[in-house]
Amino acid sequence: MKLPFHHRTTCCLCGSEYLEDVCEITKLPFKSPNVGRDSSKVESQQNADLLVPLNLHMCSACYHLQLADIVDPEIQYTNYNYRTSISVGLAKHFGSSFDQVASFVGRELTGLNVLEVGSNDGTYLKYFLDAGCNVLGVEPAQNISSRARDAGIPTLTDFFNSTTASDLLSSHGAFDVILANYVLANIEDVSDVVEGIRHVLAKEGVFVFETQYGVDVLENFLVDTIYHEHISYFNVLPLKSFFENRDLKIVDVQKIPTKGGSIRVYVQHSNAKTNSSPAVEDLVRREERAGFGSGSSLRSFSRQIRSNKDDISRVLSGQNLIAGFGASVGTMTLLHLYELTDRVIYICDDKPMQDSLHGPYYEIPIVSGHHLEQEPVDAVFLFAWRYSKNIIPKHHTYLANGGQFIVPLPKVQVFRDVELTHTDHAPDAKRE
Ligand SMILES: [Zn+2]
């Protein structure tokens, strides 16, 4: 029987065999909620009970943070549910990314060749199309890439790699701007993809990618951004030598607040005219100071996870009926980390991507937020903890009737009462 995942013994960035620093987080079902249920010819009933280890490793040769248990990308992406244009705030974010990229390019965009790797439904490329660029998206999910084409964004349904890149160079010529937002981290063979990018990047062209920042994942304790789709947690230190070894250079890095903490990285050929911004070395030094040039940062993250887990089980002891709030792919990490799969009776989400979260021996229905009034519970576990300021004040009736919200991260907080407010400001709540 073919397993739907494999275990790597080498670093996915530098290829070394030094992946010995490990932080064990939990185990997850191999199919994330982002995978459509009706999808897969590759799905095997025999694997339905399988849980795949979710452990964070740090390479002690290049200090790259990564997962070593990799779920088959065909399972993850062939019938992908995640659409950019429906994700909270992301479409607006791409507008500001476009402005930044345009300002880096520093000249008229009309006529430039722009390629996006993992272009999803074309939301980001639309900005470049509207600015007069010749755009092309490459997107492996069939359902989503056809939606992009319907919206007028030229899109190739394929995985991007060095082979696809050679074909693209013959058919389209070199690209002045290559984009890859929140996709590089999801690709196991980063070297091959970057080789493809180098191959199709024009002489003075720029490759700009956005990705979750590994430092922020650990320091801001963003445990729910760790799941199997997300293989790499990039820092500038390992990326710098990775690109240098491929005749490329990082010319600028910007810290951005997306997804709790991300970076936007600008890469060019090593002989391009642009000098590197001091921001690159500044971040490298910051990472070294914070222990990202050794395994110490990962070890303290492990300790933090253990103590957070203890706090959660203390807060939940004695609570009989527990609901959840927020059903995203990261919810699965928290459900399994805190061992809540058989305790949460339903999960509220006003924009659900499907009707339940499920894994071996459990199926948790996803319902609207109003359900809290219809089927009261002792406590609501706020999986969508980053949106607590927006969510909690909306449920004053539930709180007024004795309910409570448990916010698990970055540290455990319990909200029992909220003074009514119609603004987006922080809830004025009694907490413990
Ligand atoms: Zn490495």
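No value in this document is a laboratory result; all are computed from the given coordinates. What you are looking at is a predicted structure, and each value in this text was computed from that prediction instead of being measured. As a convention, Cβ positions derive from the backbone with ideal geometry for all residues, glycine included, and neighbour counts pool all protein chains shown.
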Exercise. Once both labels are modelled 7 Å past Cα along the beta-carbon direction, what's the R306-K394 spacing in nm?
Worked result: 3.8 nm
Exercise. If you place +1 on the Cβ of every Lys and Arg and -1 on the Cβ of every Asp and Glu, how big does the dipole about the Cα centre of the chain come out, in debye to the nearest 20?
Worked result: 640 debye
Exercise. Going by how many other beta carbons lie within 10 Å of each one, how would you line up T26, T164, T155, T10, fewest first?
Worked result: T10, T164, T26, T155
Problem set entry | Residues Y18 and T163, FRET efficiency given R0 of 25 Å [Cβ-Cβ distance, rounded to 0.05] | 0.25
Exercise. About the Cα centre of the range 150-284, what is the dipole size in debye to 20, counting +1 per Lys and Arg Cβ and -1 per Asp and Glu Cβ, all else neutral?
Worked result: 400 debye
Seminar exercise, completed: Around R246 (Cβ within 10 Å, Cβ-to-Cβ, excluding R246; K/R +1, D/E -1) the net charge comes to -1
Problem set entry | S328, S170 arranged by Cβ crowding within 10 Å, fewest neighbours leading | S170, S328
For this session: Mark the label point 7 Å from the Cα of Q374 along Cα→Cβ and return the residues of the range 330-346 whose backbone N is within less than 20 Å of it.
Result: 344-346
Exercise. Mind checking the dipole of the range 148-218: about its Cα centre, +1 per Lys or Arg Cβ, -1 per Asp or Glu Cβ, Debye to the nearest 20?
Worked result: 180 debye
For this session: Could you tell me what percent of the DSSP beta bridges with both partners in the chain are antiparallel, to the nearest 5?
Result: 60 percent
Exercise. Which FRET efficiency, nearest 0.05, do S356 and N220 yield, Cβ-Cβ r, R0 25 Å?
Worked result: 0.25
For this session: Name the residue farthest towards the positive end of the dipole of the chain from the options L409, W385, G291, assuming +1 on Cβ of Lys and Arg, -1 on Cβ of Asp and Glu, about the Cα centre.
Result: G291
Exercise. So for C23, C14, fewest C-beta neighbours within 10 Å to most, what's the order?
Worked result: C14, C23
For this session: Give the residue from Y227, L248, V200 lying farthest towards the positive end of the charge dipole for the range 190-315; charges sit on Cβ (+1 for Lys and Arg, -1 for Asp and Glu) and the dipole is referred to the Cα centre.
Result: Y227
